[in-house]
């Protein structure tokens, strides 16, 4: 049995959860929990993240260390019952914002996505992001490729993750100057909407002026996703102009206060 399997079994025992109840918490099959605990398989990383988050446990400890009962006493969701020294009880149910899964389409999966995007099994098998969102709204995430939406260190960079919400295939409901991901049978494009051409096709603009506008025929569009936000590992240092502007704003606020 691996440390992960032992830890899952220990947490489940402490929480007085059956394998079936534990599986239900994380949308797993009951036999999968048994396989984890017996070391015959290990959970996907997204499942481990859910378990760690749900029980307030460090993901690093959950994966790398065989937890002891004393370790569990240190977690926020557990405390010792002084009248029954051998029991652990939960302090309270945590009130958390609802979270919803968004399938994540990485760059190397885009070609397969064009073909299998309507297959439930394929979508459920994709890695996923778990972020706050509206339950009635379908979300999806895409890895951005290319430099068309980046200009002078601003905008969307190659490798950024775009978090998107589904949009009807009705051009009249799209918003000008908003960024959308357009899916056709052979391409996935992220651009800024400029409007419609005389032929009623979508006119899309790149934020990088070195790239020409792009026209996408309406009858070739399979999906449209509105880009609600993005995740990037790139942290840009402020430029000297930004630093001077920040100092000037601080000075103006100080003078107004005085």
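The values are calculated or read from the model by the stated rules, or taken from the named source; none is laboratory data. In this text, all values refer to a predicted model and were calculated from it rather than measured experimentally. Virtual Cβ from ideal backbone geometry, glycine too; neighbours counted across all protein chains shown.
Brief remarks follow.
- Of all residues in the stretch 101-157 being in a strand (DSSP E or B) and touching a helix residue (DSSP H, G or I) at 6+ places or on another chain (Cβ under 6 Å), the one that is farthest from residue 186 (Cα to Cα): 128
- Filter result (in a helix (DSSP H, G or I) and within 14 Å of residue 8 (Cβ to Cβ)) within the stretch 46-63: 47, 48, 49, 50, 51, 52, 54, 55, 59, 61, 62, 63
- When the residues of the stretch 188-207 are filtered to those that are touching a helix residue (DSSP H, G or I) at 6+ places or on another chain (Cβ under 8 Å) and closer than 28 Å to residue 109 by Cβ, the one that is surrounded by the most Cβ atoms within 10 Å (Cβ to Cβ) is 202.
- Residue list for the stretch 185-199, filter: touching a residue at least 40 places away in the same chain (Cβ under 8 Å), closer than 18 Å to residue 220 by Cβ and in contact with a strand residue (DSSP E or B) (Cβ under 8 Å, 6 or more places away or on another chain): 188, 190, 191
- Residues of the stretch 125-149 classified as at pLDDT below 85 and either farther than 23 Å from residue 168 by Cβ or outside the structural domain of residue 182 (by TED's automatic domain parsing) (or both), total: 2
- Of the strands (runs of 3 or more DSSP E) lying entirely inside the stretch 182-229, the ones with 1 or more residues being closer than 14 Å to residue 144 by Cα are found at 188-196.
- Selection status of residue 22, surrounded by 13 or more Cβ atoms within 10 Å (Cβ to Cβ) and either modelled with pLDDT of 85 or more or out of contact with any strand residue (DSSP E or B) (no Cβ under 8 Å at 6 or more places or on another chain) (or both): yes
Yes/no matrix, rows are residues, columns are (1) without any contact (Cβ under 8 Å) to a residue 60 or more places away in the chain; (2) farther than 22 Å from residue 102 by Cα:
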{"residue": "149", "(1), (2)": "yes, yes"}
{"residue": "153", "(1), (2)": "no, yes"}
{"residue": "158", "(1), (2)": "yes, no"}
{"residue": "170", "(1), (2)": "yes, yes"}
{"residue": "175", "(1), (2)": "yes, yes"}
{"residue": "183", "(1), (2)": "no, no"}
{"residue": "205", "(1), (2)": "yes, yes"}
{"residue": "215", "(1), (2)": "yes, yes"}
{"residue": "231", "(1), (2)": "no, no"}
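- Matching residues, the stretch 159-182, being surrounded by fewer than 17 Cβ atoms within 10 Å (Cβ to Cβ) and in contact with a helix residue (DSSP H, G or I) (Cβ under 9 Å, 6 or more places away or on another chain): 159, 169, 171
- Filter result for residue 38 (assigned by TED's automatic domain parsing to the domain that holds residue 65 and touching a residue at least 40 places away in the same chain (Cβ under 8 Å)): no
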